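Undergrad: The structure under discussion is supplied below as structure tokens; questions concerning it will follow.
None of the figures in this text is laboratory data; all of them are computed from the coordinates on show. Keep in mind it's a predicted model, so treat the numbers as computed, not measured. For neighbour counting, all protein chains shown are included, and Cβ atoms are generated from backbone atoms with ideal geometry for every residue, glycine included.
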């Protein structure tokens, strides 16, 4: 089956579409899809038939149908947004799109129509706090989490919600939030593929924090915080996205400033992380993606406009540099899927 990669090139108002060879990891540029207004976050429907992007310059959401043979995108709907979202997430049933608004301090839930398009006003819109950065539902589709960064801008907390998959309604959980003791600034998160564990990238803390999730209550409890930086580094840095390999054996988080990809091994019993060191990347690695097999990692340099490809050692989790691709000004999101 073909693999395809979608990259939002924010300062050039387009989505770049690539075909990926699942054996070699090589990329072939197929087309560019014009999307006005600084497209940034991407989200893929669970059916893999629809792709969504938020245009942060014009506060708009665009929905696309994906040609299953060619990976090509066709616009099927547009919807106005309350502000400029920094993250989009789709619930596990594919009925609702969630959005997090950093500057406006909000989150919203939009219904997805039978044709895959988002065109209606949100069914849920909540005022949260400045620094809201990411929103997803857990594998059971009953809970959702909204991290807020710190750094003097946000509350340095993860807001916890119950999610009704039938109505799209969000209800504050009890407790309503979990707050790190240190000024970590939780930003993005990913779920372990087989355990009730979440890992958060800490923007200000330059670290990753693992949380155990109560599968019945949906509440989080931290069990480890580990640095993404090498010992002795004193330069400026912040963390961004975070991804775990499909096997659940390895986890990766980029350093913006140190300009590296932090690599971790995941303990198969406890979920605790052990650092495997850092691998140099393109400058300001804000966005990256891992292919569905967990064989290749692609890191986009926001400052350089290049995409660095790495092969992933299946046994050790280490990264080996491959080809570097010129993709365009300000790549903001890297999404890879098998169709």
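Undergrad: Given labels modelled 7 Å from the Cα in the Cβ direction, how far is it in nm from residue 311 to residue 171?
TA: Label-label distance for residue 311 and residue 171, simple model: 5.2 nm.
Undergrad: Put a dot 7 Å past each Cα toward the Cβ at residue 181 and residue 303; how far apart are the dots in nm?
TA: 3.4
Undergrad: Another question, if that's okay. Report the residue, chosen from 223, 250, 296, that carries the largest GNM mean-square fluctuation when the chain is represented by alpha-carbon nodes joined by springs under 10 Å.
TA: Maximum fluctuation in the GNM of the chain, among the listed residues, is at 223.
Undergrad: Checking the a/c ratio against 1.5 first, then a/b against b/c, what shape does the Cα gyration tensor give for region 167-261? Please report the intermediate quantities before stating the final value.
TA: Values: a/c = 2.17, a/b = 1.61, b/c = 1.35.
Judged from the Cα gyration tensor, region 167-261 comes out prolate (a/c at least 1.5, a/b above b/c).
Undergrad: If you don't mind, there's one more thing I want to ask. Pull out the extension gain between residue 268 and residue 36, defined as 0.36 nm times the separation in residues minus the alpha carbon to alpha carbon distance; nm, one decimal. Write down the numbers at each step before the final one.
TA: Details: separation 232, 0.36 × 232 = 83.52 nm, distance 4.42 nm.
Using 0.36 nm per residue and subtracting the Cα-Cα distance, I get 79.1 nm.
Undergrad: Among 114, 313, 21, which one shows the highest mean-square fluctuation when the chain is modelled as a Gaussian network with alpha-carbon springs under 10 Å?
TA: Fluctuation is largest for 114.
Undergrad: Here is a follow-up. Fewest Cβ neighbours within 10 Å first, please rank 158, 76, 149 accordingly. Show your work: numbers first, answer last.
TA: Values: 158 22, 76 17, 149 28.
The most exposed by this proxy come first: 76, 158, 149.
Undergrad: A follow-up question, please. Given the options 92, 295, 217, which has the most mean-square fluctuation in a GNM of the chain, springs set between C-alpha atoms less than 10 angstrom apart?
TA: 217
Undergrad: Here is a further query. When 45, 29 are ordered from fewest to most other Cβ atoms inside 10 Å of their Cβ, what list results?
TA: Values: 45 18, 29 14.
So the ranking, lowest neighbour count to highest, is 29, 45.
Undergrad: If you don't mind, there's one more thing I want to ask. Going by the alpha-carbon gyration tensor, a ≥ b ≥ c the square roots of its eigenvalues, is region 124-197 rounded (a/c under 1.5) or, if a/c is not under 1.5, prolate (a/b greater than b/c) versus oblate?
TA: On the way: a/c = 2.10, a/b = 1.35, b/c = 1.56.
Judged from the Cα gyration tensor, region 124-197 comes out oblate (a/c at least 1.5, b/c at or above a/b).
Undergrad: Using the Cα gyration tensor of region 55-100, with a ≥ b ≥ c the square roots of its eigenvalues, what is the shape: rounded (a/c below 1.5), prolate (a/b larger than b/c) or oblate (neither)?
TA: Values: a/c = 2.40, a/b = 1.41, b/c = 1.70.
Oblate, since a/c reaches 1.5 and b/c is not below a/b.
Undergrad: On to the next question. Which of the following values of volume of the Cα convex hull per residue in Å³ was calculated from the structure shown: (1) 280; (2) 144; (3) 119?
TA: Read-out taken from this structure: (3).
Undergrad: So what are the radius of gyration and Dmax for the Cα set of region 1-113, in Å?
TA: Taking only Cα atoms of region 1-113, I get Rg and Dmax of 14.1, 43 Å.
Undergrad: If we count other beta carbons within 10 Å of each Cβ, what is the order of 299, 150, 268, 311, fewest first?
TA: Fewest to most other Cβ atoms nearby, the residues stand as 268, 311, 150, 299.
Undergrad: Normalised by the residues of region 57-127, what does the relative contact order come to in percent, with Cα pairs under 8 Å and at least six apart?
TA: Working: 141 pairs, mean separation 18.2, N = 71.
Here the relative contact order equals 26 percent.
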